[in-house]
Each structure stands twice: as C-alpha cells, then as structure tokens.
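This report concerns only the one structure given below.
The values are calculated or read from the model by the stated rules, or taken from the named source; none is laboratory data. Because the structure is a prediction, the values reported are computed rather than measured. Note that we place each Cβ from the backbone using ideal geometry, even for glycine, and neighbour counts take in every protein chain shown.
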Amino acid sequence: MLRQPKHGHMKELHASIKLCRKPLLSSKWTNFSLGHLQEAFVFERNSHECAAFLVNHDGRSNATTVHFKGLSYKLPPKSISILPDCKTVAFNTAQVSTQYGTRLATRRQKFDSIEQWKEYKEYIPSFDKSSFRANMLLEHMNTTKDSSDYLWYTFRFHQNSSNAHSVLTVNSLGHNLHAFVNGEFIGSAHGSHDNKSFTLQRSLPLKRGTNDVSLLSVMTGLPDGGAYLERRVAGLRRVTIQRQHELHDFTTYLWGYRVGLSGENIQLHRNDASVKAYWSRYASSSQPLTWYKTIFDAPVGNDPVALNLASMGKGEAWVNGQSIGRYWVSFLDSDGNPYQTWNHIPRSFLKPSGNLLVLLEEEKGNPLGISIGTMSTTKVCGHVSSSYPPPVISWQGENQINGNRKRNHGRRPRVQLRCPRGRKISSVLFSSFGTPSGDCETYATGSCHASNSRAIVEKACLGKERCSIPVSSKNFHGDPCPGIAKSLLVDAKCS
C-alpha cells in the first residue's frame, strides 16, 4: 500500500545515495561554505571517485545559485542536491518528480457487534508479584533487553489514614507511562517527538494500611539512529508522593520489576495460544490494558487491505499471529487530527476466511468502531519541471560514474505514471505543457500552454498500466513560449 509521492521520492533518494556508495565508504570528506547559508560536503578519493552534497539552508528566498568545481548550480530553498560524480545533479530533495496518487478507501466489513468481540483484561502486578527487585530505579532499555516495550515498576508503602490527600509525581525519560494504585488506573502521560521526558502528576486514592503502586513504562520502539546510541536512556527517574505537608521520595527505595505483559508472555496474539487462553465477553466499560480478538474473512479482490483504527487509542495489532504495527490514534498533530488511523494488512498474512485479529489496547479505545477496508488508487498525477533532474534510473549503473566514464545523463526529466496492478489509464483528466498553475490537487492552464498537450499524453498513456512522458519541447513538437522555463502537469484516471 504505497503512499505516493513519499514512497517514490524516498526510492529516488535511496537510489541516488547508492550511486555515491564507493566515495562515501572509502573517502575522507571535506566541508566548506558555498555562500551565506549554503555549504558543500565532498567525499573524494581520486579524480574517478567523488560525490558531493550541496546544501541550501536558506528557506526564505527563491532558488540560490552557487558555484562548485567551476560549474553553477541552482539550489531550491531548504534542499540538498546530490552529485554522485561531483558534476551532475542526480537528485534534489525539494524537487518531487514522482507521481501523486489519489486513494479511495472502501469499507468492506464492520466490527460493530458486541458478539463479534472477546476480551482479555491485562493483569496489573503488585509488588509481591514482581519478578525481581532492586533498591533503585532501573533504566528501561537495559532492563528489558529488547524483549518487550513494557516494564512494570512496582512498590508498596503503608498509609496510616484513608482520607489524607496525596499526590503522586513521576518523572520519566520516555516514552509513555500508565499509573495504577491498588490495581485501579489513575492516569497516563507521555513525551513528545522532540522531548521524550515528561512528568505525570495525579491524586492518589489511598486506603488505610498497605498500598501498591504499579507504574507501567512503555517504549514506542527503540531508538535506531543518531550519534551516541549507547547513551540513550528511558524509563522512570524520580518518584515522589506528597502527603499533606510531607514529601516522600521513593527514588531510592525497594522496587519490584516485571518485564512485559502477561498477554505477551502467553502470546495471546498467536492462533494456538489465543485458543487456550480464557477470553471473556466484550464489556463496554473496559479498563486500559485490554486485549481484544475477533475473526474475519479476507476482502475479495487484489486491492490492498487496511484496518481502520480511528476509534482506538494506543496499542498494537496482529493478524494471524503477525504484527501489523503499533498504532497511536490518540496522539494528535498540531491541527488536532490523528497522525495515522489506517494500518496495512499484507494480503500474504491473510487466509480466505477465519483470520484472527488481536489488538492490545493500552488506553480506552472502542473496538466496535473498527472496520476493514480496501484501498484503491483512482487517479495518478505528475508535475515535473524541465529544470528537474532526470529519473535516477537514467544513471546506468556504477560503471558510468567510476572507471568507465560512459554516461547517459542526456535523458530529460519526465512525468512517469503508473496505475495499480490490474488497472490501466482510462482517461486523461488534465494535461498541460508550459506554465500550468497549481499542483496535483488544484490546477489550471497557465499563460503558456502547448495546445497538443492532451493529445500527446493520451497517445503515450491511454490503455496502459504505466507510461512516461519526457518534459521537452521536442516531445510536444515545438516550444510554446521560448525563453521561459516550462513544466508538464498530467492528471489521469485509473480504471
């Protein structure tokens, strides 16, 4: 289930980086200024092995012209140009030449019946059920050893009265935290993309006598890049309880630990283990940390299948024992919308019927709002300027850059369109070679327009699964406006 143009743009970036692999891996690099906010990173071993990255940090102006090794290059704002041979631009991060796709989601099955679901409430461990203990707060990742996202921190203390007002404060280095007191959920907190650290502060419903506090630290995956990975830390760093006028610090205290969830340990997501475990009927007033399961049939056809989790909060989903990824629908962007609501289900995971869907919901999501749908690409669109680099595939392999200098850089930039398998381009909705205005969402013919634009594109594309149209005046039998930079915008329907 490709998301265009992001997938195609990243594919081109990956291919251009591979063209630079020899100088990148075997050369020393140098860095120098090309202007006030422009710089070059050059990897050069000898005259035959050289790669350069020209960077423009200026985001306020139009394209900036820089001079590098005796040649001039135009760098769009906030962009990087990649030169695998230190001469020719193979890729620029701001120039998206891959197609845009319009996707249509069709709902195929709803899971809105209580009878369809069963649930398993996750066990909340107390201090005396911990696996091991320490007189300090342990670092999360070093304790779990990548065996689970989850680590329970538990401790126990005595309360002389039941009506004393108490406040729990937990400082964590990320990523998430769910807090329970005497088995009852009291609240959650999490960090952000830029700042993983956060603080949870909640009133405590304490009872007279012994009280158990269970804190579930959750990682949303492990850090996988960047400098000093060995110095990355996560988990709880300080825990205090304010009781009336006294502050009690439990940071250096006897803590109990338990790695993973009980549902993980018995592998509830697997078909065989799911049958053996005790599942109860779905109850709408479910607590956080609840597992859900249901059975469904695969949608007919070949279109990509996806699970709509817009009604859920945070957790992970499995189909027939295989994870289809974490979800975090309750984490909203700056506009108040979820970053993602659909999770792709590869058709290779599916059987014609009797597929097992298991979800671990950390918050209080509603599984009755889940549905399965298919995704189809109904339109494809490309907008490419004559100033863009040609597709990276026009570099005919490593021998054209290093050693044998036979190149094929003469290819023009081109609009490349491709419908999903089983569909073909049935009509051209818009085509303009010249100065079309807008983009693939909203467009119009500009002051410069080749009148034969539609005819040329229809001849190249109609009835085909894929087509490629060079962005050149020669291809359109003449220059509609000499001396003006031109582009080609094509919007086509797939049927």
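Is it the case that some residue within segment 460-470 is crowded, with 18+ Cβ neighbours inside 10 Å, free of Cβ contacts under 8 Å to residues at least 40 places away in the same chain and over 23 Å from Ala90 (Cα atoms)? Within segment 460-470 (the criterion being crowded, with 18+ Cβ neighbours inside 10 Å, free of Cβ contacts under 8 Å to residues at least 40 places away in the same chain and over 23 Å from Ala90 (Cα atoms)), the answer is yes, since at least one residue qualifies. Of all residues in segment 221-228, one or more are closer than 28 Å to Ile370 by Cβ and in a loop (DSSP other than H, G, I, E, B). Is it the case that some residue within segment 143-150 is at pLDDT 95 or above, closer than 29 Å to Arg3 by Cα and assigned to a strand (DSSP E or B)? No, segment 143-150 contains no residue that is at pLDDT 95 or above, closer than 29 Å to Arg3 by Cα and assigned to a strand (DSSP E or B).
Just to verify a result, which residue in segment 425-438, among those that are in contact (Cβ under 8 Å) with a residue 60 or more places away in the chain, in contact with a Leu (Cβ under 8 Å, 6 or more places away or on another chain) and of a type outside the set (Phe, Trp, Tyr), is farthest from Cys494 (Cα to Cα)? Give the derivation first.
Just the residues of segment 425-438 that are in contact (Cβ under 8 Å) with a residue 60 or more places away in the chain, to begin with: 425-431.
Still in the running and in contact with a Leu (Cβ under 8 Å, 6 or more places away or on another chain): 425-428, 430-431.
Pick out the ones that are also of a type outside the set (Phe, Trp, Tyr) and you get 425-428, 431.
Working: Ile425: 5, Ser426: 6, Ser427: 8, Val428: 9, Ser431: 15 Å.
So, considering only residues that are in contact (Cβ under 8 Å) with a residue 60 or more places away in the chain, in contact with a Leu (Cβ under 8 Å, 6 or more places away or on another chain) and of a type outside the set (Phe, Trp, Tyr), the one farthest from Cys494 (Cα to Cα) is Ser431.
Screening the candidates Thr251, Thr240 for the property of being over 34 Å from the mean Cα position of the chain (by Cα), at pLDDT 95 or above and surrounded by fewer than 14 Cβ atoms within 10 Å (Cβ to Cβ) yields one hit, Thr251.
So which residues in segment 282-316 are assigned to a loop (DSSP other than H, G, I, E, B), among the hydrophobic types (A, V, I, L, M, F, W, C) and either crowded, with 18+ Cβ neighbours inside 10 Å or in contact (Cβ under 8 Å) with a residue 12 or more places away in the chain (or both)? Selection gives Ala283, Leu289, Ala298, Leu309, Ala310, Met312.
Has segment 217-238 got any residue that is among the basic types (Lys, Arg) and under 14 Å from Tyr150 (Cβ atoms)?
First pass over segment 217-238, keeping only residues among the basic types (Lys, Arg): 231-232, 237-238.
From the residues that got through so far, the ones that are under 14 Å from Tyr150 (Cβ atoms) too are none.
There is no residue in segment 217-238 that is among the basic types (Lys, Arg) and under 14 Å from Tyr150 (Cβ atoms).
None of Ser353, Ser348, Ser330 is outside the structural domain of Met1 (by TED's automatic domain parsing), farther than 28 Å from Asp272 by Cβ and not charged (D, E, K, R) except Ser330.
Take the residues in segment 448-472 that are hydroxyl-bearing (Ser, Thr, Tyr) and in contact with a strand residue (DSSP E or B) (Cβ under 8 Å, 6 or more places away or on another chain), then tell me which one is farthest from Thr377 (Cα to Cα). Of everything passing the filter in segment 448-472, Ser453 is farthest from Thr377 (Cα to Cα).
Quick grid of which residues meet (1) surrounded by 19 or more Cβ atoms within 10 Å (Cβ to Cβ); (2) assigned to a helix (DSSP H, G or I); (3) at pLDDT 95 or above; (4) at positive phi:
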site: Trp318; (1), (2), (3), (4): yes, no, yes, no
site: Gly325; (1), (2), (3), (4): no, no, yes, yes
site: Gly336; (1), (2), (3), (4): no, no, no, yes
site: Gln340; (1), (2), (3), (4): no, no, no, no
site: His344; (1), (2), (3), (4): no, no, yes, no
site: Pro352; (1), (2), (3), (4): no, no, yes, no
site: Thr377; (1), (2), (3), (4): yes, no, no, no
site: Val380; (1), (2), (3), (4): yes, no, yes, no
site: Ser387; (1), (2), (3), (4): no, no, no, no
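So is Gly101 within 30 Å of Leu307 (Cα to Cα) and in a strand (DSSP E or B) or not? Here the answer is yes, as Gly101 does meet what is asked. Considering segment 134-167, the residues that are aliphatic (A, V, I, L, M) and over 34 Å from the mean Cα position of the chain (by Cα) include one that is farthest from Arg237 (Cα to Cα), namely Ala164.
Give Lys87, Lys121, Lys129 a once-over and let me know the one that is of a type in the set (Lys, Arg) and free of Cβ contacts under 8 Å to residues at least 40 places away in the same chain.
Values: Lys121 fails: free of Cβ contacts under 8 Å to residues at least 40 places away in the same chain; Lys129 fails: free of Cβ contacts under 8 Å to residues at least 40 places away in the same chain.
From the options Lys87, Lys121, Lys129, the qualifying one is Lys87.
One residue stands out in segment 40-65 among those that are within 29 Å of Ile393 (Cβ to Cβ) and acidic (Asp, Glu): the one that is surrounded by the most Cβ atoms within 10 Å (Cβ to Cβ), namely Glu49.
Would you pick out the residues in segment 444-487 that are assigned to a strand (DSSP E or B), under 17 Å from Ser427 (Cα atoms) and not basic (Lys, Arg)? Please lay out each step first, then the result.
From segment 444-487, those assigned to a strand (DSSP E or B) are 444, 449, 466-470, 487; that's our starting set.
Narrowing further to those that are under 17 Å from Ser427 (Cα atoms): 466-469.
If the condition is that a residue be assigned to a strand (DSSP E or B), under 17 Å from Ser427 (Cα atoms) and not basic (Lys, Arg), then Cys467, Ser468, Ile469 are the ones that fit.
Does segment 1-12 include one or more residues that are of a type in the set (Asp, Glu), crowded, with 17+ Cβ neighbours inside 10 Å and either touching a helix residue (DSSP H, G or I) at 6+ places or on another chain (Cβ under 6 Å) or modelled with pLDDT of 95 or more (or both)? Yes; the residues of segment 1-12 include at least one that is of a type in the set (Asp, Glu), crowded, with 17+ Cβ neighbours inside 10 Å and either touching a helix residue (DSSP H, G or I) at 6+ places or on another chain (Cβ under 6 Å) or modelled with pLDDT of 95 or more (or both).
Does Gly35 satisfy being surrounded by fewer than 16 Cβ atoms within 10 Å (Cβ to Cβ), over 28 Å from Gly382 (Cβ atoms) and either touching a Pro at 6+ places or on another chain (Cβ under 7 Å) or not assigned by TED's automatic domain parsing to the domain that holds Arg347 (or both)? Answer is yes for this residue.
Does Lys196 count as in the same structural domain as Arg243 (by TED's automatic domain parsing), in contact (Cβ under 8 Å) with a residue 12 or more places away in the chain, in a loop (DSSP other than H, G, I, E, B) and farther than 27 Å from Trp328 by Cα? Outline the logic, then answer.
Details: in the same structural domain as Arg243 (by TED's automatic domain parsing): yes; in contact (Cβ under 8 Å) with a residue 12 or more places away in the chain: yes; in a loop (DSSP other than H, G, I, E, B): yes; farther than 27 Å from Trp328 by Cα: no.
Against the criterion (in the same structural domain as Arg243 (by TED's automatic domain parsing), in contact (Cβ under 8 Å) with a residue 12 or more places away in the chain, in a loop (DSSP other than H, G, I, E, B) and farther than 27 Å from Trp328 by Cα), Lys196 does not qualify.
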